[in-house]
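Presented below is the structure to which this report refers.
Just so it is clear, none of the values below were taken in a lab; they were calculated from the coordinates. This one's a predicted model, so the numbers in the text were calculated from it and none came from an experiment. Here Cβ is always computed from backbone atoms with ideal geometry, including for glycine, and neighbour counts include all displayed protein chains.
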Ligand code: 9MR
């Protein structure tokens, strides 16, 4: 249990940090940003600034869209990246390395190398791991999606995958995103694009939670989705489902919001209210994939006003989580623009993370750090 925290850091506070930063007086577009991101000052690190028992995480870059970029695997190859990863964060989430297509590339073959590397790194650096993910409609291997398996075979394949993957890391994963994105925007179960729900029916969701719990009784088991930051049709669907599963005694422990936000849209101001209603059900809550993208000016460099707006979104998302007692895990989806998925998926948008390509800190970084510090009380 955490001590009571006060989430008071404001946009003004975040904005104030900008001119105070040890600016580099050059014509460089990053002028005004702090040049050296590796101060050893204890509270300069997000993980140290955080209140006791509150985990600050990031996705660990690798797999997925990275495979099509002209750089080597970020996690294993980028020394600077690894250094910041170890210093700044107390939680890590494999961005792609535990997804089916990555960890289970052929029916009879698993590839644990990348996931093992992340879990070992985490242990070495005193970090917890969020496992991501087990039941999803996306990033499944072709052998599975196009295998023409019978229902019995599919059920056996899913159970074996869970026993193998969850079992391998049992006791070493703090939270598992067991079911990812199972509802659409209208709050309807994905009965077509999710192979498991389509072939095995909605009851498979409860079975999967039971199987994961058997394989790792210590891990906290989550539903995770995007577009559920607010009270809306989709989050209502999760609310109804989790309440029902809890009533049935299914081991569901948490509900998490991904929070892929954009400054094109307003901040979801009822995030805290939404988290609170899940908290009231007795569930843990978490923010699992926060980033805040923006429309980039022609020169590709965000304006100070854009960066301040972004910092405000980061700060508000963090404050909402800090304000809810059972929200103890706050993860950003990558910490540097160098490896962000955003420009690859959204044309003309970018700068979504808290550091530039060169690991220079943006106002959003300071907004997080100062809000965490403020919450220590
Ligand atoms: O960041 C991931 C990227 O590398 C992959 O190419 C992409 C493929 O779908 O998935 C990204 O991560 C997603 C996460 O697993 C689930 N929530 C949405 C994330 C962003 O698309």
Crossing angle, helix 151-168 versus the chain [Cα axis fit, 0-90 degrees, rounded to tens]: 50 degrees
Hey, rough spin-label estimate for residue 243 and residue 191, points 7 angstrom out along Cα→Cβ, what's it come to in nanometres? 2.2 nm
Using mean Cβ contacts within 10 Å as the protection proxy, how do 301-313, 145-157 order, highest first? 301-313, 145-157
Among 58-71, 169-182, 362-375, what's the highest-first ranking by average C-beta atoms within 10 angstrom per residue? 362-375, 169-182, 58-71
Rounded to two decimal places and with Rh computed the Kirkwood way over Cα pairs, what is Rg over Rh for the chain? 0.96
Taking only DSSP H segments of four or more residues, each worth -39500 (n - 2.57), what value at 222 nm results for the chain once the sum is divided by all its residues, to the nearest 500 deg cm²/dmol? -11500 deg cm²/dmol
Here, residue 264 and residue 347, labelled 7 Å along Cα→Cβ, have an inter-label distance in nm of 1.2 nm
Tilt of helix 204-215 relative to the longest C-alpha principal axis of the chain, in degrees (0 to 90, nearest 10)? 80 degrees
Looking at the chain as a GNM with Cα springs under 10 Å, which of 352, 142, 49 has the largest mean-square fluctuation? 142
Tell me, what is the percent relative contact order of the range 150-251, built from C-alpha pairs under 8 Å that lie six or more residues apart? 35 percent
Span from the the range 185-257 Cα centroid across to the the range 298-360 one, whole angstrom: 27 Å
Between 0 and 90 degrees, rounded to the nearest ten: what's the tilt of helix 79-88 against the longest Cα principal axis of the chain? 90 degrees
Space enclosed by the convex hull of the alpha-carbon atoms of the range 54-206, per residue, Å³: 133 Å³
Share of antiparallel DSSP beta bridges in the chain, in percent to the nearest 5? 10 percent
